[in-house]
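> Before I ask anything, let me first share the structure, which is written out below as structure tokens.
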Amino acid sequence: MKKLLSVVVVLGLACTTSINAEEVNSGGVESLRGTATLDATKKAEEMKRVIKDKNPIARNYVHQPPMIPHQIRGYKVDLNSNKCLTCHGWKYAAETGATKVSMTHFETRDGKTLSDISPRRYFCSQCHVTQADAKPLVENTFEPVESLGND
């Protein structure tokens, strides 16, 4: 009787495993990339269309980094150069018509003001991203603060 019960349990587990093979391969988790299995490589999505030279998208909270209202593909930002500063640096902003870098970008963690961009604020795309024509990845019920006047 014990042998028969053991065989029934083993067969039941085998059937369950084969039925849920897709779920086992994906770990039973659905991610933002869908229900792709872990051993399969999905084709990358098309790049989102960057909104070219539009007014910046309104900010939703105080100290939110503004979004970049133009294409930055190909901009070189490394230890030796920063393409963003050729327009947004204080020296060039007036002649290019670009928004100049905020004073906060010249401060150290200790609040000391430097004469040049702080190393912790030098790599612009750590905080600033391009505005893109893309639908949200997940549902969002965030409400902006009233004092910013975003309606």
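Bear in mind these aren't lab numbers, they're just calculated from the coordinates by the rules spelled out. A quick note: this is a predicted structure, and the numbers were derived from the prediction, not measured. Cβ sites come from the backbone with ideal geometry, for glycine too, and all protein chains shown count toward neighbours.
> Once you have the Cα-Cα distance between Arg49 and Ala134, take 0.36 nm times their residue separation minus that, and quote the gain in nm to one decimal.
29.8 nm
> In the stretch 44-151, which chymotrypsin sites (Phe, Trp or Tyr not before Pro) fall in coil by DSSP and have 16 or fewer other Cβ atoms within 10 Å?
Answer by residue number: Tyr61, Tyr75, Trp90, Tyr92, Tyr122, Phe123, Phe142.
> Among the listed pairs Lys76/Lys100; Lys48/Lys76; Lys91/Lys112; Lys76/Lys112; Lys48/Lys83, give every one whose C-alpha distance is greater than 26 Å.
Cα-Cα > 26 Å for Lys76/Lys112; rest within.
> Run the numbers for Arg59 and Leu4: contour at 0.36 nm per residue of separation, minus the present Cα-Cα distance, in nm.
13.1 nm
> Next question, about the same structure. Can you give me the distance in nm between label points at Leu11 and Tyr75, each placed 7 Å from the Cα along the Cα-to-Cβ direction?
Going from the Leu11 label point to the Tyr75 one covers 6.6 nm.
> Moving to a separate point now. Along each of the three principal axes of the Cα atoms of the stretch 48-133, give the extent in whole Å, ordering the values from largest to smallest.
Computed over the Cα atoms, the extents are 38, 30, 24 Å.
> Still on this structure, please answer the following. Calculate, in nm to one decimal, what Asp110 and Tyr122 gain on full extension: separation in residues at 0.36 nm each, minus their alpha carbon distance.
Separation in residues times 0.36 nm, less the Cα-Cα distance, equals 2.7 nm.
> Then there's this: I'd like the trypsin sites (Lys or Arg not before Pro) in the stretch 55-151 restricted to DSSP loop residues with at most 13 other Cβ atoms within 10 Å, sorted by number.
The qualifying sites are Arg73, Lys76, Lys91, Arg109, Lys112.
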